[in-house]
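To keep things clear, I will list the structure first and then write my remarks on it.
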Amino acid sequence: MKSYLLLLYKLITYNVKVIFANKFVYFVLAAFLFFAFIITLTIFDDPEFNEAAIYGFLVFPGLLLIFYPMAYGIQNDDDSKMLETIFGIPNYRYKIYLVRFVLAIGVAGVILLVLGSIANVTLYRFSLLPMVGQVLFPIGFLSALAFMLSTLIKNGNGTAIVIVIVAFIFFVFAEALEYSVYNVFLNPFSEPRDMSEFIWHTIIFKNRLYLIVASALCLLYGMFNLQFREKFV
């Protein structure tokens with residue numbers, strides 16, 4: 001049993017190093033600094049904290065954590081001359097890239113738990129697991145979208161530019177679609193005053209369902225694109 005756990009630990013640590021290009025510590029540090037920066041700005045602007053505000057605090061560091069792994073994953077393999085070796089592994093799409101996708105989301109989730117715990121102790125008391133679970137919905141969708149775009153564009157810089165533009169568009173329309181089921185950044189803790197609780201929970205449920213379906217479709221399409229290995233080498 002210990003040998004299996006040790007093997008699993010080595011597998012996870014190795015893939016985390018690959019996913020974050022041996023710069024994992026810097027990404028974690030950047031997420032913490034960005035989190036602190038957002039909170040500092042909010043303190044000077046509006047010192048009243050609630051669950052809706054904490055949700056916003058956690059979304060941005062989460063996006064920062066998954067941005068690089070999803071946009072530059074394939075390019076990093078190409079730059080390190082590992083792409084052809086990976087393509088030689090049976091079912092490499094699932095054994096390598098799907099595992100990396102899950103690990104990236106998992107690492108983001110763990111770091112968000114730490115950030116959420118800090119906010120829970122210092123800023124406002126809230127239910128930690130439901131909060132982080134809700135934050136992972138938009139992060140998971142944008143991760144899957146970035147992964148799909150990386151298989152289409154086949155260039156890390158190009159993917160990064162496109163995903164930044166797409167995310168910016170989502171942010172621009174987030175205010176107009178504040179309480180819409182189509183708002184990617186719908187804040188489930190910001191309940192509108194002029195809406196019944198049942199309708200609001202229905203909107204949240206549909207929004208999360210749409211994000212799950214869209215994430216699955218993006219992920220599957222990205223996996224489908226990866227089977228045409230000759231386009232990547």
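The values are calculated or read from the model by the stated rules, or taken from the named source; none is laboratory data. Given the structure is predicted, the values throughout are model-derived calculations rather than measurements. Positions of Cβ are backbone-derived with ideal geometry, glycine not excepted, and every protein chain shown enters the neighbour counts. Calculation scope for accessible area: heavy atoms of the full protein, side chains included, ligands and nucleic acids excluded. Shrake-Rupley method; radii C 1.70, N 1.55, O 1.52, S 1.80 Å.
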- Given (1) 15.4; (2) 14.5; (3) 12.2 as candidate values of mean projected area of the Cα convex hull in nm², which corresponds to the one derived from the coordinates? (2)
- Message: In Å², and per residue, what accessible area does the chain have when probed at 1.4 Å with the other protein chains present?
- Response: 56 Å²
- What is the magnitude of the charge dipole of segment 132-233 about its Cα centre, with +1 placed on the Cβ of each Lys and Arg, -1 on the Cβ of each Asp and Glu, and no other charges, expressed in debye to the nearest 20? 480 debye
- Between the residues Tyr221, Thr40, Leu128, the Cα farthest towards the positive end of the dipole of the chain, that dipole coming from +1 and -1 charges on the beta-carbon of Lys, Arg, Asp and Glu, is from Tyr221
- Message: Charges on Cβ only, +1 for Lys and Arg, -1 for Asp and Glu, centred on the Cα centroid of segment 100-206; of Ile111, Ile199, Val184, which one is farthest towards the dipole's positive end?
- Response: Ile111
- Ignoring ligands, DNA and RNA, what percent of the 1.4 Å accessible area of the chain is carbon and sulfur? 69 percent
- Item | Pairs of lysine residues in the chain - Cα separation under 20 Å, sequence separation of 8 or more or cross-chain | 12
- What is the extension gain from Phe168 to Val99, computed as 0.36 nm multiplied by their sequence separation minus the C-alpha to C-alpha distance, in nm to one decimal? 22.0 nm
- Can you give me the Cα centroid spacing of segment 106-121 and segment 140-159 in angstrom? 25 Å
- Item | Spherically averaged projected area in nm², based on the convex hull that wraps the Cα atoms of segment 110-165 | 4.7 nm²
